[in-house]
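Take a look at the structure below.
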Amino acid sequence: NLEMRSRFTPALLRCVLVLCLNTLIYGFSCGPVKAYAPLLSFSRVGGQFGTRLAPERPMNCFGRSNGSNREKLQMGFFDSLFGVSEEGKPAVTPSETELKPGWEELMDEGSGIPYYWNKETGDTTWEQPLAETPVRRNPVEEAKEAGITNLAQNMPDLYNGWFTGQYTYMGADGETERAVQGTNEINDAMLAAVQAARADGVTKMEVSFPPVPNLEEVDFGTALNFQFSREIRGELGLESDKVKTNVRRNLVDFANLHWARRLAAAFPALPVFIAHCDQTDKSKTTAADDRVWVGPLSKLPPTQVAQDQVLMVVNPGPEEQWRKAADRAGPSSTLIFLNSISGGWTYELGGPIQECECVYYLKRISKGWVFRQYPGPWQALVEAPDGSVICLKTYDKKPPLREAAKVVREFSFSKFSIFNDRYAQGFGARL
């Protein structure tokens, strides 16, 4: 008897320890019997015993099942440790996934875990017999069939619209090159909008668009930005090796000067003052025209700009720069703010000078753009994974930025889910 007791006692203690640990992990309301119910017995499903038996479900060393279904057994100890009450646990809802024809989802009474029964063959399984997912159609075509057929009005081509001449496009593999002809759409549309506004008597205007094709990546460098820098270097007369590095380092500042000189062509007979608000030295650039003055805003001639003159303020930042420029412009002179991107003044469309008309405005938002070309409407545009642009909504007056961004973001997620990303490979990448 003593020999049997010496063998039995350690085994009994081990059993008690295992049961205590199980109760501690799964909570007192669950208990070891409930936790191990699938191992101890078959479940009776239906009206009579043995009508349909749930298949045996393999369990791991913690008494938790090794399957793809969401577990119904909660770890009560850790729930109580982190303050999750029984009432606060999320309800387990039936699967929203469509099953194959003939299959039904039933509940195993012993474990509380769903299983699947084929009412035609009598087969049972723990794994979901999912129906085949239909092949997804082109979401852009789906959007058009849903009534969203508006094409963006006057939206420049992404991204050929930034270029005037022919440039070399480098493929995603880093080796494939092809020659692409620029469309010059940004330049032509900007001039047309300013001239139309001036013909209607508008004297205070705002023109804003990304000065380089890939503005978000300007600090890291892209093939398109590199090709664009080559184009503007030629126009600005900055071809020496010494100034090439300066252009690459300050590409946005030199690009803004490039666009300001282009914009001066809208006023062929008037003196134009181009006052830039950045600190980049542009003295090495070739003179565009004798009637065009270029320099920092702080060095603008002290006399007020006359009625028959044009003041163009490039890259204004804080509101005080806007106000200072507005004070320097005469009451009837033409005042244009170009490409305010250095910090901005508020989270909205347009600058702080309310009387300024946004005559050409192209702003990137999440999943799309906000665009307007005078005298047309404001447009909320989604950029689809294939690079096409669809107009979702138009506004007669300048909309709140949050409203336009919400329209684009919600449509993009509803139609393209997460597969409309400009950068991530496999998720709609196109840059």
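The values are calculated or read from the model by the stated rules, or taken from the named source; none is laboratory data. All values reported here derive from a predicted model rather than from experimental measurement. Counting neighbours? That spans all protein chains shown, and the Cβs are built from the backbone with ideal geometry, glycine included. Keep in mind that these areas ignore ligands, DNA and RNA; they rest on the heavy atoms of the full protein, side chains included. Shrake-Rupley method; radii C 1.70, N 1.55, O 1.52, S 1.80 Å.
Centre-to-centre, using Cα atoms only, the stretch 152-169 and the stretch 254-275 are separated by 20 Å.
Using a 1.4 Å probe over the heavy atoms of the protein chains, calculate the carbon and sulfur portion of the accessible area of the stretch 164-308 as a whole percent. Whole-percent figure for carbon plus sulfur exposure: 48.
Quote the FRET efficiency, to the nearest 0.05, computed for Arg430 versus Ser366 with a Förster distance R0 of 22 Å and r equal to the Cβ-Cβ distance. Computed FRET efficiency for Arg430 and Ser366: 0.90. Computed extension length for Ala265-Ala287: 6.5 nm, one decimal, from 0.36 nm per residue of separation with the Cα-Cα distance subtracted. For the stretch 327-431, the per residue solvent-accessible surface stands at 44 Å², with DNA, RNA and ligands left out and a 1.4 Å probe. Evaluate E = 1/(1 + (r/R0)^6) for Arg402 and Phe226, where r is the Cβ-Cβ distance and R0 equals 45 Å; express this FRET efficiency to the nearest 0.05. Taking R0 as 45 Å, the efficiency between Arg402 and Phe226 is 0.85.
Taking a ≥ b ≥ c as the square roots of the eigenvalues of the Cα gyration tensor, the stretch 178-217 is classed as oblate, since a/c reaches at least 1.5 and a/b does not exceed b/c.
With viscosity set to 0.890 mPa s and temperature to 25 °C, compute the Stokes-Einstein D of the stretch 169-291, Rh being the Kirkwood radius across alpha carbon pairs; µm²/s, no decimals. Mind showing how you got there, number by number?
Details: Rh = 16.1 Å.
After rounding, the answer is 152 µm²/s.
Computed on the stretch 191-345, with alpha-carbon pairs under 8 angstrom and 6+ residues apart, the relative contact order is 26 percent.
Can you give the FRET efficiency for Gln354 and Thr121, using 1/(1 + (r/R0)^6), R0 = 56 Å, r = Cβ-Cβ distance, to the nearest 0.05? Before the final figure, lay out each step's value.
Values: r = 73 Å, r/R0 = 1.30.
The value I calculate is 0.15.
When both the stretch 306-325 and the stretch 364-401 are represented by their alpha-carbon centers, they are found 27 Å apart. Remark on the stretch 234-299: Rg and Dmax equal 11.8, 35 Å (Cα only). Shown here for the stretch 253-296: trypsin sites (Lys or Arg not before Pro) in loop regions (DSSP other than H, G, I, E, B) with at most 13 other Cβ atoms within 10 Å, namely Lys284.
What's the long-distance tail for the stretch 190-246, i.e. % of Cα pairs beyond 17 Å? List each step's numbers first, then the result.
On the way: 902 of 1596 pairs.
Counting every Cα pair in the stretch 190-246, those more than 17 Å apart make up 57 percent.
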